[in-house]
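Notes follow the structure.
Read-outs throughout are calculated quantities, based only on the coordinates presented, and are distinct from any laboratory measurement. Predicted model, so just to flag it, every value in this text is computed and none were measured. When we count neighbours, we look across all protein chains shown, and the Cβ atoms used for this are built from the backbone with ideal geometry, even at glycine.
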Amino acid sequence: MRDALPRRRILRALAATGTVALAGCSGGGGTQTTTTPEPDTATATATPTDTETTTRQPTTEPRSPEELTARARALTLDLGNGAYDSLTDEFVGQAAEQVSVDVLRQAWTTQTTGKGEFTGIASADYSEQNGVHLVVVRATFQSGVLLVNWAFDDAGGVVGLRLNQPSAAWSVPEYADESSFTESELALPSPACDLGATLSLPTGSGQVPGVVLVHGSGPNDRDQSVGPNKVFKDLAWGLASQGIAVLRYDKRTFACEVARTDATIDTVTVDDAVTAIDRLAAEDRIADVTVVGHSLGGLAAPRIAARADVSRVVMLAAPHTPLWRLIPEQVRYLADLDETVSEAEREQIEQFDRAADRIAEGEFVDSESLMGFPGIFWRSLKAYDHVAAAQALSVPMLLAQGGRDYQVPPAELDAWAGALTRETVSYKSFAALNHLLMPGEGPANPSEYFTQNHVGADLVAEVAEFVAGSPARAVERRWRKPGYHRRLPLPAGAP
């Protein structure tokens, strides 16, 4: 197998299409990637035209844009017709190691649910970005369209695949007042490369509290973009509208070339967050800094707070259960969404359970990939007791959780309440919010992440009030007895 293009170049190029990794390109793994196979669905019988029957076997000769476009059309027809077995042979390099029949089936069926039968191809557009050849194919269905984004190396080998729904551009949430703050671009130094950052600063000249936003898992941009949604941009604009300065930055694994052998909890999350906190604190108008971490960033927040000068800690959808045990539960939830677990889904669950057991027992090597993360990441995470680190903090803390979050279920907040019982810790649950902190109805489903939405206004207001209040006021206003929210309902199908 020949080497593929560097993973960072692939991610940068695919990121330009506004997608979220579904297969073969997600180096961070975890919360934005769903790889559980879905039940088999009926496939269409679209027949390729003469221009789409080009030979798809990669060669050693460079391919022209026309050849790559035709190749992408033919591969999309195979995908639509369920030819997952033959498609896995088309991937090269690291993508070939990550993509399986089950991954392709799950990604396709998840993104096409509710669209009816696959009917063909409307168009295919070629571009070259960051040294990667991209072809975006518009696949048509009886009731909709899906964008199929192929990334090729020079010889036509597939080095990345992403699927996303056509969607409107991000819009300003109703709770944001653009006249109340300004934004400026910054650069944060990092060992791999400088990280692009944006500072949202309230207008005026007085002192203001500051917030640094810390990403969840995966190669996230500074807005933590997911389809048409921008979790961190919503938070930044909402908080800045209420008089709070916010610094958000591109994650190292998004902005830089990071070897998987160097991917630890510190190198991908903690170190750069500490740098961002120091940078924000150096601004003349910043009175104090609060670290606000989401998902994996919430899990890392106590470690960040122990190394940086912060006045408060906010943990949004932060796992209490070890991540290697939580991910298999996410897989179970998705498999059970239709109340039927297929044989392929059962095998996938067993595979994740075996991986979790190996991680728990330390029976792995740093270079191998387990559940989408490199072994060295799991080793660093096992060495970090996030619960003990949170218990050791003395600053006020706010832990907030969505009641419809299947990735970090509401029961995780119960566990935190039992572990952190001091009066400087407060808890808040928002029944309608999912893992992206956005409201919805019914059992949570990853497909809703691709419907335009915004972070819940109530959550933004809660975080703003906590950050702006003095530590004494924060304790007096929000302390609850441990377990006050223990009757929160789990999403349907959650373990």
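Observations, loosely collected:
- Per-residue Cβ neighbour rank within 10 angstrom, fewest leading, 170, 237: 170, 237
- Shape of region 245-315, Cα gyration tensor, a/c cut at 1.5: prolate
- Among the trypsin sites (Lys or Arg not before Pro) found in region 361-455, those both in a DSSP coil and sparsely packed, with 14 or fewer other Cβ atoms within 10 Å of their Cβ, are 422.
- The phi torsions of region 396-410, fed into the Karplus equation with coefficients 6.51, -1.76 and 1.60 and a -60° offset, translate into couplings of x, 10, 10, 10, 10, 8, x, x, 10, 7, 8, 7, 10, x, x Hz, rounded to whole numbers, with Gly and Pro shown as x.
- Highest to lowest packing among 65-77, 272-284, 224-236, 177-189, scored as the average C-beta count within 10 Å: 224-236, 65-77, 272-284, 177-189
- Debye log10 I(q)/I(0) for region 228-275, one point scatterer per Cα, at q = 0.22, 0.30 Å⁻¹: -0.85, -1.06
- Within-14-Å neighbourhood charge of residue 278 [Cβ basis; K, R +1; D, E -1]: -3
- Rounded if a/c under 1.5, otherwise prolate or oblate - region 303-394, Cα gyration tensor axes: oblate
- Cross-link partners of residue 428 among lysines, defined as those whose alpha carbon lies under 25 angstrom from its own and excluding same-chain residues fewer than eight positions apart: 230, 233, 481.
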